[in-house]
1. Could you check the spin-label model distance between A37 and E25? Points 7 Å from the Cα along Cα→Cβ, value in nm.
2. Using a 1.4 angstrom probe, figure out how much accessible area the chain has per residue, in square angstrom, rounded to the nearest whole.
3. Enter the accessible area of I41 (Å², nearest 10), with the probe set to 1.4 Å and all protein chains included.
4. Loop-only GluC sites (Glu not before Pro) in the chain, please: DSSP not H, G, I, E or B, and at most 15 other Cβ atoms within 10 Å.
5. Return one number: the angle in degrees, 0 to 90 and rounded to the nearest 10, between the long axis of the Cα atoms of helix 23-35 and the longest principal axis of the Cα atoms of the chain.
6. Specify which labelled value, from (1) 4, 15, 14, 12, 11, 10, 8, 8, 6, 5, 4, 2, 1, 0; (2) 4, 18, 23, 24, 20, 8, 3, 1, 0; (3) 4, 16, 26, 21, 14, 9, 5, 3, 1, 0, agrees with P(r) over Cα pairs in 5 Å bins from 0, in percent derived from the coordinates of the model shown.
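The values are calculated or read from the model by the stated rules, or taken from the named source; none is laboratory data. Owing to the predicted nature of the structure, the values given are computational and were not obtained by experimental measurement. A quick note on method: Cβ atoms are made from the backbone with ideal geometry, for glycine too, and the neighbour counts reach across all protein chains shown. With ligands, DNA and RNA removed, areas are computed over all heavy atoms of the protein, side chains included. Shrake-Rupley method; radii C 1.70, N 1.55, O 1.52, S 1.80 Å.
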Amino acid sequence: MPAIYTVDASVFLNAFNPNEAGHAESRRFLALLQDKAIPIIVPTLLLPEVATAVSRGSGNETLAR
């Protein structure tokens, strides 16, 4: 059985924002999880946290949705 990872919103946000330190590593990590179909656990509030941060950071509500 493969490992199961818990991934919080900060990893997704870091992968989304190329201006943040560690961006490339976060993208690679998420891509690896997806490519290998490794299950993850995420906080219940992941989607609202990411959407809020994307909206505030980009000023683009459509992108956040």
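1. 2.9
2. On the way: 4860 Å² over 65 residues.
Ligands and nucleic acids excluded, the result is 75 Å² per residue.
3. Answer for I41: close to 90 Å² accessible.
4. Here the sparse-neighbourhood loop sites are E20.
5. Helix 23-35 sits roughly 50 degrees off the main axis of the chain.
6. Calculated P(r) over Cα pairs in 5 Å bins from 0, in percent: the matching label is (2).
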